[in-house]
Amino acid sequence: MKNFELLCLAFFCTTCMYVSVAGYRPVIIVHGILDSPKQLSGLARFIAKSHPGTEVIPVNMFNYLASFKRLWKQVESIKRFVYPIMQKAKDGVHLICFSQGGLICRGILATLPTHNVHSLICLSSPLAGQYGDTSYLRHFFPRYIKPRVHRICYNPLGQRISVCNYWKDPHQENRYLKGNNYLPLLNGERAHSNILSWKRNFLRIKKLVLIGGPDDGVITPWQSSLFGFYDSNENVVDMKHQNWYLKDTFGLKTLDANGGLHQCVFSGVRHTSWHSNFTVFRDCIEPWLT
Ligand SMILES: *[C@@H]1O[C@H](CO)[C@@H](O)[C@H](O)[C@H]1NC(C)=O
């Protein structure tokens with residue numbers, strides 16, 4: 001009997017060791033505009049099912065209308081929330097960031113020198129900017145049309161609204177570079193004193209996964225989710241022909257050269273369905289959550 005108990009104990013300990021060795025890294029989820037963790041619960045369920053025991057932490061901040069607050073403010077607050085989680089996770093964490101959340105996550109990674117994010121998964125994020133008057137924009141500027149939005153966005157008052165922080169009017173490049181205090185800095189389109197340290201910080205990630213598709217309906221152009229954007233004639237120029245890639249302004253080219261960049265394009269997925277589509281999860285999120 002004694003031996004049997006010992007055997008059980010030994011078995012249990014090996015199991016414990018196995019679990020801690022093969023355990024999954026915690027996953028932090030950052031929601032998008034006019035959302036809260038509630039809308040992303042499908043994603044959390046997928047993770048729980050495919051990787052049982054994973055700690056999934058949705059960021060329950062800047063929900064709904066508060067998601068319109070300027071992005072630097074959101075970055076600073078969310079950073080204070082996620083940093084202790086990172087410190088506790090000695091093997092690092094993963095970040096899944098939806099839509100506007102992808103830009104928040106990049107702001108955090110650029111400005112947090114000691115982060116330990118392993119995979120950064122950007123789910124249909126306007127990473128190269130947004131130029132399309134979709135419903136969430138009309139929420140704020142009901143009477144404005146696309147070519148005129150720059151007038152309100154590229155000044156200090158407009159910059160207090162998140163959407164203006166990544167509004168990129170391809171016909172107003174100078175105004176964008178001067179008047180937008182978020183995206184041109186993050187993408188290194190405008191020179192600033194922290195550009196090298198931000199790049200170094202960003203490059204602590206091991207994997208950048210970009211997910212998007214032509215039927216998104218909100219991100220405009222949809223290729224912005226893959227770092228492509230309009231030129232001044234509104235033709236889409238893909239990531240590899242953009243200055244931020246060619247000049248490696250924030251680390252994208254380095255990451256790619258090291259095999260750390262992965263892109264997935266899915267058709268037939270509307271913007272609000274990305275996080276509840278199991279095919280998307282199985283093919284392009286789950287593989288990077290180990
Ligand atoms: C889920 O993704 C697949 C693969 O792209 C797509 O064909 C399908 O239409 C999507 N379903 C929904 C409900 O979005």
> Under a 5 Å amide H to amide H cut-off, with H placed in plane at 1.01 Å, what residues pair with Gly228 once short-range neighbours are removed?
Replying inline: Met239
> In what sequence do Phe229, Phe140 fall when counting other Cβ within 10 Å, fewest first?
Replying inline: Phe140, Phe229
> Nearest 10 degrees, 0 to 90: what angle lies between the long axis of helix 100-111 and the longest principal axis of the chain (Cα atoms)?
Replying inline: 80 degrees
> What's log10 of I(q)/I(0) for the chain at q = 0.07, 0.12, 0.15, 0.16 Å⁻¹, Debye sum over Cα points only, no solvent?
Replying inline: -0.27, -0.73, -1.14, -1.31
>> If you restrict to DSSP beta bridges whose two residues both lie in the chain, what percentage is antiparallel, to the nearest 5?
In response: 10 percent
>> Whole angstrom only: what separates the Cα centroid of the range 163-180 from the Cα centroid of the range 239-290?
In response: 24 Å
> Roughly what angle does helix 2-22 make with the longest principal axis of the chain, taking Cα atoms, 0 to 90 degrees, to the nearest 10?
Replying inline: 10 degrees
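Past 28 Å, Cα to Cα: identify those pairs from Lys69/Lys240; Lys88/Lys240; Lys49/Lys90, in the order given. All intermediate terms of the calculation are to be shown ahead of the outcome.
Numbers: Lys69/Lys240 32 Å; Lys88/Lys240 37 Å; Lys49/Lys90 24 Å.
Pairs exceeding 28 Å: Lys69/Lys240; Lys88/Lys240.
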> Each residue of the range 248-262 in turn: what ³J(HN,Hα) in whole Hz from Karplus with 6.51, -1.76, 1.60 and θ = phi - 60°, glycine and Pro shown as x?
Replying inline: 6, 5, 10, x, 4, 5, 4, 4, 5, 4, 8, x, x, 10, 9
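With +1 assigned to the C-beta of every Lys and Arg and -1 to the C-beta of every Asp and Glu, and no other charges, what is the dipole magnitude of the chain about the Cα centre in debye, to the nearest 20?
On the way: 33 positive and 18 negative charges, 170 e Å.
Value, rounded to 20: 820 debye.
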> In degrees from 0 to 90, rounded to the nearest 10, what is the angle of the helix 71-88 Cα long axis to the longest principal axis of the chain?
Replying inline: 10 degrees
>> For a quick check: with amide H placed at 1.01 Å from N, whose amide H comes under 5 Å from Tyr166's, ignoring anything fewer than 5 positions away on the same chain?
In response: none
> For the pair Arg270 and Ser193, what calculated FRET efficiency results from E = 1/(1 + (r/R0)^6), where r is the Cβ-Cβ distance and R0 = 41 Å, to the nearest 0.05?
Replying inline: 0.50
> In a solvent-free Debye calculation with one equal scatterer on each Cα, what is log10 I(q)/I(0) for the range 185-242 at q = 0.16, 0.30 Å⁻¹, listed in the order of the q values?
Replying inline: -0.66, -1.16
> Roughly what would the spin-label model give for Asn63 and Asn243, points 7 Å off Cα along C-beta, in nm?
Replying inline: 4.1 nm
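Each reported figure results from applying straightforward, stated rules to the coordinates on display, with no laboratory input. What you see is a predicted model, and the numbers here were worked out from it, not measured in a lab. Glycine also receives a Cβ, built like all others from the backbone with ideal geometry; neighbour counts cover every protein chain displayed.
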